[in-house]
Each structure stands twice: as structure tokens, then as C-alpha cells.
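See below for the structure under consideration.
The values are calculated or read from the model by the stated rules, or taken from the named source; none is laboratory data. Values in this document were obtained by computation on a predicted structure and should not be read as measured data. Cβ coordinates were reconstructed from backbone atoms using ideal geometry, including for glycine residues, and neighbour counts include every protein chain displayed.
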Amino acid sequence: MAMRFFLILTASVLYGQQVVAPTPEQVGSARGQDVGGYNITNSFETGYRFASIDGDLGKYRSDVNYRNGIRLLGSSLSIDSKDGHGRLFDQVLLNTLGLGNDPYQSANLRVQKNGLYRYDMLWRLDEFYNPGLTISAGLHRMDTRRRLQDHDLTLLPQSRFKIHVGYSRNDQTGPALSSVQEFDARGLAYPVLMDVRREWNEYRLGGEGEFHGFKFNVMRRWEFYKDDPGYPATLTQAGGNSALFSRSEPYHGSSPGWLGNLFTSRKRWGINARITYVSGHRDFALNEFASGINAGVAASRQILVSGNAQRPVTAGDFSINLYPTDRLTIVNNSSVHSTRIDGFSSYTEFNNGLNFGATVNFRYLGIRTVSNATDINYRVTNWIGFFAGYHYSDRAIKTIDGFSFAGPFDDTVYTRGNLLHAGTLGVQIRPMKPLTVRLGGEVGRANHPLTPASERDYHTLNGRVDYRLRKVQLSASYRQVYNVNSPVPYSTFSSHSRDYSANASWSPKDRFSLDASYMKLHLDTVSGLAFFAGVGRPVGQSFSQLYLSNIQAANLSAHLGVTRRVDLYLGYSITKDTGDGRSGAVPVNVSDAVQGLFGSVQTFPLTFQSPLARVSLRITPKIRWNAGWQFYRYREEFGVLGYLQNYRANTGYTSVLWSF
């Protein structure tokens, strides 16, 4: 839980800053133009982006990826029926972002006719570039395009009974490069080329209705997924040794399912019940062959993996809300989740053709979770209230697999259970109208953690203060998560995170505003490692490692109307991880090679900062000229194997925004 929460907050800090384009400024009042029985308003911003990059281009492309070229930075079109009774439609809304070779493009369309239909379409294109880990010596990278689209049609949208039809598609294509270690896990790595071809399609049909205050909907879904990567046979070399490598890895599946929901809200009570069922099916096969030289001796290796499985998933929850008085709220939620993978799967490996190989067989995996939560909120007076809760979950896991040497299947059954009890308690105080203080905590205990990183003995403490007026808004929060998992023979785990944040917004005038925020995320985890160390050491080794991260992020922005025609925006964002304060990758006074290697990946101090400036000039009531500049600087204090992915980039744009 601590790690999950930490990663979510980290992502929100790193990607919370505003990009310099498109321009959010408005061009006068959008009165539009009348054509027939419709009023049309339109605006678009087109211009030229520029970028100058110095340093690690691959890292820049994975973080930012803005390049040179002409773009339709943004556009907005609205067509509205003046009397609400158009012939074919009553409203058309179209908004676009970044069309024309931006790495992140989107288009959003809505067409509707009152009382008859509503159609919504969302299209997105993302260019994804991953330069791979620095320790791969350039043998891992990916340069793909992902296209996503969603189509939803609602018939009779304003009536008590509606019909929904939908279609979604997600495909990813492009080249990729990976590596394999053939013949010897401690040997050389050989590059493997891959042509990524992944495709996912979903079809939807359902209905929604309302009867005597109850709202219900039913949806039938059909999902189809296929992954048909291309692996051209390659003759590669590494360290003077050559290898012939080929691979085939098709993967197809379908997941038809049902979704149902029932909801009502009354004066003293309300219920919400949902259930989903998905009957998944997968077919897959992998055939990999390699031949070459291992330590001067000819070697060959073939791996065969195949199987098919049914994957039924059922999930349901029932929530009831009770409001006995205006000051008391009671919420009880019960949930059941069941996932099963039932089918045949086998892994077979042949080496040098000396025997029939070794085979591992998989038969069954089942996970069942039952949980219940009760939360009570009681407002004693208008300025103070208390909340408390008790949460319970029971999880059971069962697996069946086996191992054989080309003989009869040897099925072995493994079971594991986990019970979690947790309690919450807190208070909310409002001593004055603009000020709110909320304090709370949670304590949880689990008897058998499923993994070393699962929750066992944990507690959380959190608090938040908000002060809100019309022109000033201030807030601050604190959260601490501490989880200790009991040691097991092969591993141990404990984590401690502390998160601080503060936000301020000030708008003394209509043409001036100031926003600032600060966040600090601290995480330290102790994890156990089990590994094979190599020559000169025992075969099996265990190790406890400490990972430290101290991320601090700050954002400052100001919007100023210099004159009635000129608007200026200034911003600055910085994110810094100070790590554990060491000056080098390897801790001081470490002579053991293995300890030195693990110690070099305990912490990753780095800095990422980005100032920006934008000016917008209103030339006429319908035309604006805009220009902006944004600087990116990424710096690592030390990297894996001494390789630093540092870069500096100047980006910007100039554009014209026109509307009528």
C-alpha cells in the first residue's frame, strides 16, 4: 500500500505542470455567426513548434518528445440549433489538440439531437519512445505509436429508458529491440528485433432505465485481443560469438462479459449494487530456437511454450447508505471477487538435443476475495464531526502445477489464505467558515501476507487543512504510511513513507493571479533479495537492501494582464530527488563487489526543472498572436554503470489564434 500510494503521488507531481501550448487565452466574446437555423462559433490556433535538444535524445523523447514543425495546436467548433429543433441535429461540438505530428494528439466530437440520439467520439494518438535501461548497453528500446478511439451512441438520451451502443479500439505498432541470454545465464546478451503488432477491440450493447426511483443499466461486452509480433530470424554477434536466433510468439484472446448496476437514493437511505462477469479465453504459443557458440563449444537451445485457458472473472459489490438523522451517515459495503485461470499450459526446454528436455505444467489458478467495510460519519455540531470505520477482507489462492521429465504429469496443489482487519478513526473541525481541519488514521493487521511486499502490520496517519475565501485559497496536508512485514526464510520487507504538500492561490484582481505549490515525498524501504552470486561465493545468497528516495517538487505560476491587449504568463517547475545524500553511486567503505553493485542502485538523485513564459497579444477582437518558450533540464547526479541520461532542451512556439 505504501509503495502504491507513493508512486501515484510521484506521477501527479512529475506530470502536474502546465505545457506552454496551446494558448488558453480567449478572443473576445464568441457571438458566432448565424447560418440557416444554426449558430456557429469556431476558433483555431495554428503555429510552428521548435525544439533544440542537447544531451541524451532518447531520454528527452521518452519524457517530452516535442519536435519541430507546423501544428494545429488546438481548435474548437460549436454548431447549435437556435430553437432546439434542428432537422438532423441540434448540436455539434468538435475539439482537437496537437493535430499535425505532435506526439500527443486528440479529437473529441459530440453530435446530438434532442430527444432522439447523442453520439460521442474520442480519438487519441500517442507516440511512445522508450530508450530502455542504461544497463542494457543500447539493446533495449521501443518506438511505437498507440492509437485509441472510443465511439458511443445513446438513443433516446433524455427519456427514462435509453439504449447504448459502443465500440472501442486500441492498437500499438512500431519497432522494438530487446535481448536474450542464450546458453548461459552469466553469458553474453544477443539483440532481438521485434515488430510490435498489438490490437484490442471492444463492442458494447446495453440499456438504461428508471422505474419508481430506481435506476438500472445492463451492458453486454465483447472484447477481442491479439498480439502478433514479428521476429525476423537474425544472425547476431556478441563478444566474438555468433548466434542464430528465431522466435514466433502469437497470442490471441476474447473476453465476452456482462455488466449490471442498480441504484437509488432516498431521503433516509440509498443503495448501489453492481455485478460484472467476464468469460475470458486465451490461446498462445511460443517457439524459440537459438544455435551458436558457448565458451568455445557449439550449443543449441529450443523453448516451446503453449496453452489455452478459460479465465472467468466475477465481481460484485453491494453498498447501502443510511441517513437516520441529518447529522449521522452509515455506509456498509460488501464485495466479492473471483478470478480463475483454468486450462492447460506447458513450458518445455531442450538443450543440445541430448535428452527429451524438461517440462513444467500449469493447470489452475484461483483467487477469491470477500470483503466488507462499514463507515460511520457523525456531525456533533456545525463545527465538529467524527468518522470511524471497520474493514475486513478474506482472500484465498489456489494453484495447481507440476514438473516432469517427459513422463506422467505430477500435479501439485498449493493453497494460501490471507485475512486482513483494519480500522479507521478521524475528526473534522470547522472552527470558522473558511477554515476546515481534517485528521485521521488507519491501523491494519493481516495474518498471512501473500507476498513479502504485501500489507501485514501497517498504520497510516493523515491530516489536511483548507482555508478558502473568494480571492485566497490555502491548503496543506500530511500523510504517513508505515508497513512492516514479518521476515520469511528468503526475504523481508518494510516501508515507511511521509508525504507533505502545500498549495496557495491568490487572485486579487481579475487580470492577475498567482499559484504556488510544494510537495515532498519521502520513501524508505528495506527489501530482501535472493540471488546467485557467481564464482567465488556460495551458490545461494540472501541480502537486505535499503532504498531511499526524497522527492521535492515545487510549482510557481503567475498570470498577468499587462494591458487590455497583452496577457503574460510565467511559470516555473522543479522536481528534485536528493536520495540519501551520498556523493557517489557506491556507498563509502564497501569492498564487496556484490554489495557495491546492489548499493549503486539504492538511490537515484536527480533534478528536473522547467521554466516557461508565454505572451499573447490581441490584435483584433477575433485574432490573437501568441509566442511561448519552455526549457527542460534533466540531470542525474550519478547513474547505473556511470552512464548519465542528462539533457537540456529549449522548446517553444509561435501561433495565431482566430475565432468568430
With respect to Arg268, is the statement that it is closer than 30 Å to His391 by Cα and exposed (fewer than 15 other Cβ atoms within 10 Å of the Cβ) true? yes
Name the strands (runs of 3 or more DSSP E) wholly within region 183-265 that hold at least 2 residues that are modelled with pLDDT of 90 or more? 189-211, 214-227, 251-254, 257-265
Would you mind stating whether Tyr643 is touching a helix residue (DSSP H, G or I) at 6+ places or on another chain (Cβ under 6 Å) and of a type in the set (Ser, Thr, Tyr)? yes
Exactly one of Arg110, Arg124 is at pLDDT 90 or above, of a type in the set (D, E, K, R), within 30 Å of Asp34 (Cα to Cα) and not in a loop (DSSP other than H, G, I, E, B), and that residue is Arg110
Of the conditions (1) exposed (fewer than 15 other Cβ atoms within 10 Å of the Cβ); (2) in contact with a strand residue (DSSP E or B) (Cβ under 6 Å, 6 or more places away or on another chain); (3) modelled with pLDDT of 75 or more, Gln541 clears all except one; give me its number. (3)
Would you pick out the residues in region 606-660 that are under 22 Å from Phe44 (Cβ atoms), of a type in the set (A, V, I, L, M, F, W, C) and in a loop (DSSP other than H, G, I, E, B)? Phe660
Taking only region 466-497 into account, find how many residues are over 18 Å from Ala422 (Cα atoms), in contact with a Phe, Trp or Tyr (Cβ under 9 Å, 6 or more places away or on another chain) and at pLDDT 95 or above. 7
